[in-house]
Amino acid sequence: MPVIVQNRQRAVAVDQKRLGRTAESILAAARAETAELSVLLISDARMRALNRRYRKKDRTTDVLAFPLREGRFSRFRGKLLGDVVISLPAAKRQATEYGHSLRDELERLLVHGVLHLLGYDHERNAREAAVMARKERAILRAIR
C-alpha cells in the first residue's frame, strides 16, 4: 500500500514519514490496504484556489479529496485510490481550536479524506453524515 506524501508549503513543520505511516494505518483500518494514496500538504492560498476551482467556494478549507475511482477516471480501476489534500495552516489552527495536537488533527483530516475517496459523503444527507462520522471514529480508535 504505497503512500506518497508531498509537502508543498513552508509555514508548518511536519514529519512526512510519520504521516505516511499513519496514512498506511488508516488504509488498513478502512480495509483498503491494497490501495495507493497520495497526500499533498499545501498552504491556505493553494487550498483556497483548489476549493474555488473544484467546489466553487472562494475560501480555504482544511481537506479536499480527489478520488480516482469515480467520475472520468473510473475506467482506469487501478490501485490508486486518489489524492487527499490538506492545508497545514488550517490543520494547525484547528488543532489549537479543538485543544489537541497537530498530529491528532492530521490523523482526523486524513481519515476524513480517505473516507471521501472510498465513497463516503457527509454532505448529501444527515443519515450518510452519521454513517461517515461513525466510520471516522472507528478508524481513529483503531489507529491510536
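Just so you know, all these numbers are worked out from the coordinates, no wet-lab data involved. Here the structure is a predicted model, which means the values were calculated and not measured. Methodologically, a virtual Cβ is constructed for each residue, glycine included, from the backbone with ideal geometry; neighbour enumeration extends over all protein chains shown.
Check which residues have an amide H placed less than 5 Å from Leu80's amide H, if you skip close sequence neighbours.
Sorted by chain and number, the residues that satisfy this are Glu36.
Compute the Cα gyration tensor for region 3-143, then decide on rounded, prolate or oblate, letting a ≥ b ≥ c be the square roots of its eigenvalues: rounded whenever a/c is under 1.5, prolate when a/b is larger than b/c in the other cases, and oblate in all that remain.
rounded
Specify the inter-centroid distance of region 125-139 and region 27-70, based on alpha-carbon positions, in whole Å.
Computed from Cα coordinates, the inter-centre distance equals 18 Å.
Name the residues whose placed amide hydrogens come within less than 5 Å of the amide hydrogen of Val5, ignoring near sequence neighbours (fewer than 5 apart) on the same chain.
Residues meeting the amide H criterion: Val39.
Build a GNM of the chain with springs between Cα atoms under 10 Å: which of Arg18, Arg53, Arg93 gets the top mean-square fluctuation?
Checking each option, the largest mean-square fluctuation is seen for Arg53.
Calculate for the chain the 222 nm mean residue ellipticity that helices alone would give, adding -39,500 (n - 2.57) per DSSP H run of length 4 or more and normalising by residue count, nearest 500 deg cm²/dmol.
Taking each H run of at least 4 residues, the total per residue is -16000 deg cm²/dmol.
Taking the alpha-carbon distance from Lys57 and a cut-off under 23 Å, which lysines remain once sequence neighbours fewer than 8 residues away in the same chain are dropped?
Answer for Lys57, where 23 Å is the Cα cut-off: Lys92, listed by chain and number.
Placing unit charges on C-beta atoms (Lys and Arg positive, Asp and Glu negative, everything else neutral), compute the dipole magnitude of the chain about its Cα centre in debye, rounded to 20.
It works out to roughly 320 debye.
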